[in-house]
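Written out below as structure tokens is the structure these notes cover.
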Amino acid sequence: MSIPAGTYQIDASHSELGFTVRHTGIAKVRGRFTGVEGTFTVAEPFSDSRVDVTIDAASVSTGNEQRDAHLTSPDFWDAATRPTWNFVSTGVQGEGEEFTLLGDLTINGVTRPVELAVEYNGAANGPDGVLRTGFSATGEISRKDFGLTWNVALEGGGLLVGDNVKLGLEIEAVKQD
């Protein structure tokens, strides 16, 4: 199955950027960002493909309004001052149904390289007759690498919020050309 070449617009209503982080060292808290938009170009050769994504930092949803307000505060990523995050690809390794997308992720003005393991889910025409394509991706980042260092020491040892953040993306996009 090959990915049809062209430029695609991310369909925000059918896409999600999810994350998982340890809480108190014993549980996992999950959340997602609903404000994900951007474009990608599938090129020939495939190694020339490009991705440019913007994430609305205030669009976080963990199922707990108090936690969401804390995450968007200056303690964490200060969404009022730095309302968007960005991911811009720097390369693609491999091709076909599974490949690695390399890129620079910027959170709170700090840019770090990130690798995403991507799975191509296929392409199909939507009800409007326009070609849509889908991808799933996973990766992991360190909060500290992006200056997200707020934490609380626990009485029995350890920290309230883990450093490693697992990312999971489900992307559906509409062909533009």
Checklist entry - What does the accessible area per residue of segment 1-110 come to in Å², with a 1.4 Å probe and no ligands, DNA or RNA counted? => result 52
Next on the checklist: For segment 20-102, what are Rg and Dmax over the alpha carbons, in angstrom?
Outcome noted: 16.3, 47
Checklist entry - Each residue of segment 43-57 in order: what ³J(HN,Hα) in whole Hz does its phi give by Karplus 6.51 cos²θ - 1.76 cosθ + 1.60, θ = phi - 60°, with x for Gly and Pro? => result 10, 10, x, 4, 4, 8, 5, 9, 9, 9, 10, 10, 10, 6, 4
Checklist entry - Per Stokes-Einstein, at 20 °C and 1.002 mPa s, what whole-number D in µm² s⁻¹ belongs to segment 135-177, with the Kirkwood radius over Cα pairs as the hydrodynamic radius? => result 163
Next on the checklist: Compute the distance from the alpha-carbon center of segment 1-79 to that of segment 82-138, in whole Å.
Outcome noted: 10
Item to check | Net charge, Y120 excluded, C-beta distance under 9 Å - Lys, Arg +1, Asp, Glu -1 | outcome: -3
Checklist entry - Direction-averaged shadow area of the convex hull around the Cα atoms of segment 65-153, nm²? => result 8.5
Checklist entry - Using θ = phi - 60° and the Karplus form 6.51 cos²θ - 1.76 cosθ + 1.60, what ³J(HN,Hα) does each residue of segment 27-39 get, whole Hz, x for Gly and Pro? => result 10, 10, 9, 10, x, 8, 10, 8, x, 10, 9, x, 9
Item to check | Positive dipole terminus of the chain, leading residue within A57, S47, A173 (C-beta point charges) | outcome: A57
Item to check | Sequence-separation-based contact order of the chain, relative, with Cα cut under 8 Å and 6+ spacing, percent | outcome: 26
Next on the checklist: Considering just Cα atoms, how many Å³ per residue does the convex hull of the chain enclose?
Outcome noted: 120
Next on the checklist: Accessible area of segment 1-142 with a 1.4 Å probe: how many percent of it is carbon plus sulfur?
Outcome noted: 48
Item to check | Computed [θ] at 222 nm, deg cm²/dmol, the chain (DSSP H ≥ 4; -39,500 (n - 2.57); rounded to nearest 500) | outcome: -1000 deg cm²/dmol
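The values are calculated or read from the model by the stated rules, or taken from the named source; none is laboratory data. Computed from a predicted structure; not experimentally measured. Heads up, the Cβs are rebuilt from the backbone with ideal geometry, glycines too, and the neighbour counts pull from every protein chain shown. Protein only, heavy atoms only, side chains kept; ligands, DNA and RNA dropped before computing areas. Shrake-Rupley method; radii C 1.70, N 1.55, O 1.52, S 1.80 Å.
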